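Notes follow once the structure below has been shown.
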Amino acid sequence: MCFGPFVRICHWGPLTALGIIKIVTGMTLHCGSMWWPRDTLGGFLNTVLFISLSGFTLYNFLSSMYHGPGYLQHNWKPTKDEDCEFLQVCGVCHGYKAPRAHHCRKCGRCVLKMDHHCPWINNCVGWGNHAHFTLFLTFATLGCFHASIVLGCSLYRSLHRMHYIYYGTGTEPLVYLGLYGMVLCVLALGFAIGVVAAVGMLLYFQIRAIIRNRTGIEDWILEKANFRRRNLNEKFLFPYDLGPRKNFLQVVNFSCHPVGDGISWPVIKGCDQYTLTREQIEQKNEKRLKTKIYSIIRPASGYWFPITQGCRVCINFPFTDEPRIKLDAGDTVMVTRWRNGLLTK
C-alpha cells in the first residue's frame, strides 16, 4: 500500500512513465559516454543538454501530477443566485458546475477547465496544471528525439565495432555493449522512438488546444453547437477565443502558475460568462428528448469481457473508459447514444 504523497504515484500510469524515463535516460547516458566521451567539449555539452532535457521532463511530469488541475469546491454556487439557472448541477459534488468545469468520475471531483483525465499522470489535465503538462510533453519529445540519435548511433557503432577496430583510423570511439547491454539499448531505443511518435502527436493536439483556447471537451461541445445550427447557416460564437497570442498567454508563462481563478474567464465581445453553459444546457435538454427506453431481456455482468454473451460480444468491446453497467432481466435503461450496437447511458 502507498501512503501520503505516494498515493498519486502508485498507479500503473506514473510507474510506467517513470520506468520509461529511467530506462531511456540511463541507457542514453551509458551509451553516450562511449559514443561521445565526456572528456571532450562536444561530449560534455551533449551530456549536459540531455540531462537538462531529462530533468525538465521529470520535473514537469511530477509538477503536473501533484499540482493537479484545480478542483471546484463542494457545494459551490455563483455569487448571484439568478445566475444559477445558467449552470448545470453536479449531483456528486452537491453544487453547481462553474463555467468550463466538468466532473471527472475517476477523480471524483469537478475539475476546473477540464481537458481530459490522463492515466500517465494519474490526474486530470486542466486549469491548474495545463502549462506543466504541456512542458512535460515538450521536453519528453525533445529528450527522446535526442536519445534516439544517441542510442541509434551507439547501437550502430556497437554492431560494427570489429570493423572500426580493423579498418578504422584508430581515433573513433568504440562502443561495447554486451548481450544485456544490447537488449537494453534496443529496448530504450524503441521506447524513445515510440515517445517521439505518440507524445509528439499529443503535444501537437495540446498546442492546438492552447492556441484555440479550447479543451478537448469544449471541442465536442462546439461541434454539437454548430451541428444544431446547420440549417440556419450560422456558427456558434465560442466565447473564450481571444486570439492566438492571448490564448497562449492564458496557459503558458514563465512561472507556469495558472492565470485567474479558474472560474471567471475573459470573453469576446457579444458573449458573457454563461454563453457556453447555456449552450450546454440546451444540448442536454435536446438529448433528453431523443432518449430511448430499453427493457433488458438478458442479464449482463458488466465485465469487460462478457464471455457468457458469446464470443462476438466478448471481443467487440468499445475502446472507451466508460464504466460497464451490471444489468438484470427486467431492468429498464434510458439510452442517449448508441453506435455499432453499443449503448451509452
Quick check on region 63-81. Is at least one of its residues polar (S, T, N, Q) and surrounded by 13 or more Cβ atoms within 10 Å (Cβ to Cβ)?
yes
Out of region 215-241, which residues are in contact with a helix residue (DSSP H, G or I) (Cβ under 9 Å, 6 or more places away or on another chain) and assigned to a loop (DSSP other than H, G, I, E, B)?
THR215, GLU234, LYS235, PHE236, LEU237, PHE238, PRO239, TYR240, ASP241
Considering region 96-115, residues that are crowded, with 20+ Cβ neighbours inside 10 Å and within 16 Å of the chain's Cα centre (by Cα), and then whichever is farthest from SER52 (Cα to Cα), we arrive at HIS102
Would you confirm, using the coordinates I've provided, whether SER64 is under 21 Å from ASP115 (Cβ atoms), assigned by TED's automatic domain parsing to the domain that holds GLY128 and touching a Leu at 6+ places or on another chain (Cβ under 9 Å)?
yes
Can you confirm whether VAL150 is in a helix (DSSP H, G or I) and surrounded by fewer than 15 Cβ atoms within 10 Å (Cβ to Cβ)?
no
GLY270 under 26 Å from the mean Cα position of the chain (by Cα), in a loop (DSSP other than H, G, I, E, B) and at pLDDT below 95:
no
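Yes/no matrix, rows are residues, columns are (1) in a loop (DSSP other than H, G, I, E, B); (2) closer than 22 Å to ARG161 by Cα; (3) of a type in the set (Phe, Trp, Tyr):
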position: ILE9; (1), (2), (3): yes, no, no
position: GLY13; (1), (2), (3): no, no, no
position: LYS22; (1), (2), (3): no, no, no
position: MET27; (1), (2), (3): no, yes, no
In region 160-197, which residues are more than 34 Å from the chain's Cα centre (by Cα), surrounded by 13 or more Cβ atoms within 10 Å (Cβ to Cβ) and of a type in the set (A, V, I, L, M)?
LEU174, VAL175, LEU177
May I ask you to list the residues in region 29-48 that are in contact (Cβ under 8 Å) with a residue 40 or more places away in the chain and in a helix (DSSP H, G or I)?
HIS30, CYS31, GLY32, MET34, TRP35, ASN46
State all residues of region 83-95 that are crowded, with 17+ Cβ neighbours inside 10 Å and in contact with a His (Cβ under 7 Å, 6 or more places away or on another chain); if no residue qualifies, say none.
CYS90, CYS93, GLY95
Can you spot a residue in region 54-69 that is in contact with a helix residue (DSSP H, G or I) (Cβ under 9 Å, 6 or more places away or on another chain), farther than 20 Å from ILE193 by Cβ, assigned to a loop (DSSP other than H, G, I, E, B) and at pLDDT 95 or above?
yes
Only one of (1) crowded, with 17+ Cβ neighbours inside 10 Å; (2) assigned to a helix (DSSP H, G or I); (3) of a type outside the set (A, V, I, L, M) is not met by TRP265, so which one is it?
(2)
Taking into account only those residues within region 295-330 that are over 29 Å from LYS224 (Cβ atoms) and at pLDDT 80 or above, which is surrounded by the most Cβ atoms within 10 Å (Cβ to Cβ)?
PRO299
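The values are calculated or read from the model by the stated rules, or taken from the named source; none is laboratory data. None of the values given here were measured: they were computed from a predicted structure. Every residue, glycine as well, gets a Cβ built from its backbone with ideal geometry; the counts of neighbours run over all protein chains shown.
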